[in-house]
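Below is one structure, written out as structure tokens, with a few remarks after it.
The values are calculated or read from the model by the stated rules, or taken from the named source; none is laboratory data. No experiment lies behind these values; they were computed from the predicted model shown. Counting neighbours? That spans all protein chains shown, and the Cβs are built from the backbone with ideal geometry, glycine included. These area figures cover heavy atoms from the full protein model, side chains too; ligands, DNA and RNA do not enter into them. Shrake-Rupley method; radii C 1.70, N 1.55, O 1.52, S 1.80 Å.
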Amino acid sequence: MITALNLSTKENIEFIDITERLESLIKDVNEGHIVVLTQHTTTGLWINEAEEGLIKDMKRKLEEFAPTEHYYEHDDFKKRKCLEDERRNGFSHLRTIFFNSSIAIPVKSGKLMLGKYQSVFFVELDGPRENRTLIAHVCSNKV
Amino acid sequence: MITALNLSTKENIEFIDITERLESLIKDVNEGHIVVLTQHTTTGLWINEAEEGLIKDMKRKLEEFAPTEHYYEHDDFKKRKCLEDERRNGFSHLRTIFFNSSIAIPVKSGKLMLGKYQSVFFVELDGPRENRTLIAHVCSNKV
Amino acid sequence: MITALNLSTKENIEFIDITERLESLIKDVNEGHIVVLTQHTTTGLWINEAEEGLIKDMKRKLEEFAPTEHYYEHDDFKKRKCLEDERRNGFSHLRTIFFNSSIAIPVKSGKLMLGKYQSVFFVELDGPRENRTLIAHVCSNKV
């Protein structure tokens, strides 16, 4: 089963816990796994702890790794054609390399087999944006 | 088929080769893939070469990227509630971003389809710890 | 279905768009996902935008993160046995940690469910090389 999930984001960098939305997709699965893909090149998926301080540490590290104020070839609009209202987001693309565009999570008895402290995050790196889309495929041995 | 694998670790950072343990799970699979998830937020999975010097280079790079001695909001126990014996492990969480919480590996004729120099590592980033758990799901086209 | 794809690379670092080659493998799939694994320890897979400036930004960031001219234990051939013509490629191994050895992508009606700006790249980090191999498994609910 293929499903699309839609999200909108409010901040430039935002970690949105999507664990419950994914769980709603696999309630009837006995054994299997779910594959989730973000359809955007300035976003990512991340499995870690939903703790506010950690999210702040992550944001600081992302800024340190690929600073907002810096020269990026991707943003050099003299060198390439760009859309009329295209954003300068070279730093957003570079920051995605800490995350995954797709993840796979085992499922049993209608539950994601995550550990006690694990949440699944959709990571916005170029927000705010409307119409962010995730695609999920549920792979079940019983079909 | 969903299976749990248990490990304990002895060092703060440790790369444990789990290739053989994964292979024992897929001996009867003709064609398919295995999905493996670590259930912890200060661990990761990594596919690379089992070479001692490289592991040392990795450990050095992890320390350089997120130093042990550094201020992390996650460890600021004035700002958040914490468990009685909670460790200061902000650096461990940040270091996970170089690895994956889950990986998928194609399987054929009872073998992981890894290359000649590839091993699968469980990466401990906040050890030593007992009771680390991996969850594996084997997806086979013939069921 | 398990398939092998072969590539050769011409530069030390090279981002090769393999989206079309993957699409040729899933034309008959109604719903499912494809798992792709690179079989090499100095290569990776990456899903992002096929834009020349961005690729240059990525190459610069990789050099900054793990410089070519630097001491790596992995390259210290006094300390370990090595093959007769083994390359010094410690920096290549370290650079792989920004990418994935394997990825999973949902498939519907014979198409990869990628977003408008997403391409799948095979990332060479120790080229030029002949005989790079990818392994793909197509998992379909209808079998």
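Near B:Glu23, once Lys and Arg are set to +1 and Asp and Glu to -1 for all other residues with Cβ below 13 Å from its Cβ, the sum equals +1.
How would you rank A:39-51, A:93-105, highest first, on the average number of other Cβ atoms within 10 Å across their residues?
On the way: A:39-51: 21.5, A:93-105: 24.6.
Ranking the peptides A:39-51, A:93-105 by packing returns A:93-105, A:39-51.
Computed over chain B, the per-residue total of -39500 (n - 2.57) for DSSP H runs of n ≥ 4 gives a 222 nm mean residue ellipticity of -5000 deg cm²/dmol, rounded to 500.
Geometric descriptor of the protein assembly as shown, per residue, is 148 Å³ (volume of the convex hull of the Cα atoms).
May I have the count of lysine pairs in the stretch B:4-143 with C-alpha atoms under 29 Å apart, counting pairs 8 or more residues apart or located on different chains? Taking the Cα cut-off of 29 Å, the pair count is 17. Remark: the stretch A:95-102, residue by residue, has Karplus-estimated 3J(HN,Hα) of 5, 5, 5, 7, 10, 10, 6, 9 Hz, where x stands for each Gly or Pro and the curve is 6.51 cos²θ - 1.76 cosθ + 1.60 at θ = phi - 60°.
Label-point spacing for A:Glu86 across the identical copies (point 7 Å from Cα in the Cβ direction), in nm and ascending order: 4.4, 4.4. In this structure the amide hydrogen of A:Ala50, modeled in the peptide plane, comes within under 5 Å of the amide hydrogens of A:Ser119, none closer than 5 places in sequence on its chain. Here the stretch A:42-143 was treated as a single set of alpha-carbon atoms; its pair distances binned every 5 Å from 0 give 2, 10, 17, 19, 17, 14, 9, 6, 4, 2, 1 percent.
The alpha carbon centroids of the stretch A:1-21 and the stretch B:47-105 are separated by 25 Å. Counting only other chain Cβ atoms within 10 Å of each residue's Cβ, the peptide C:79-86 averages 1.
Heavy-atom accessible surface of A:Glu11, to the nearest 10 Å², is about 90 Å², with a 1.4 Å probe and all protein chains retained.
Computed over the stretch C:94-143, the quotient of the alpha carbon radius of gyration and 2.2 N^0.38 Å is 1.44.
Sorted from closest to farthest, the other copies place their C:Ala4 label points 3.9, 3.9 nm away, with each point set 7 Å from Cα along Cα→Cβ. Sequentially through the stretch A:28-40, phi angles give Karplus couplings (6.51, -1.76, 1.60; θ = phi - 60°) of 9, 8, 6, 9, x, 8, 10, 10, 10, 10, 8, 8, 10 Hz, Gly and Pro residues having no value and appearing as x. Build a GNM of chain C with springs between Cα atoms under 10 Å apart, and of C:Lys81, C:Lys111, C:Lys56 the one that fluctuates most is C:Lys81. Rounded to the nearest 10 degrees, the inclination of helix C:52-65 to the longest alpha-carbon principal axis of chain C is 40 degrees.
Keeping the other protein chains in place, figure out the carbon and sulfur percent of the accessible area of chain B, with a 1.4 Å probe. Walk me through the numbers on the way to the answer.
Details: 2960 of 6320 Å².
Carbon with sulfur: 47 percent of the solvent-accessible area.
Over all other residues within a Cβ to Cβ distance under 15 Å of A:Leu125, the charged ones net out to +1, with Lys and Arg as +1 and Asp and Glu as -1.
Report the local net charge at A:Val138: Lys and Arg +1, Asp and Glu -1, summed over other residues whose C-beta lies under 10 Å from its C-beta. Display every interim value, and only then the final one.
Details: positive: none; negative: A:Asp28, C:Glu31.
Net charge in that neighbourhood comes out at -2.
Using the 1.4 Å probe convention, the accessible area of the protein assembly as shown works out to 44 Å² per residue with neighbouring protein chains retained. Placing a label point 7 Å from Cα along the Cα-to-Cβ axis, C:Thr133 is separated from the same position in the other copies by 3.7, 3.7 nm, shortest listed first. The A-B contact accounts for approximately 2700 Å² of buried accessible area, totalled over both chains at a 1.4 Å probe radius. Computed from backbone phi, the HN-Hα couplings of the stretch A:130-139 come to 9, 6, 7, 10, 10, 10, 10, 10, 9, 10 Hz, rounded to whole numbers (Karplus: 6.51 cos²θ - 1.76 cosθ + 1.60, θ = phi - 60°; Gly and Pro given as x).
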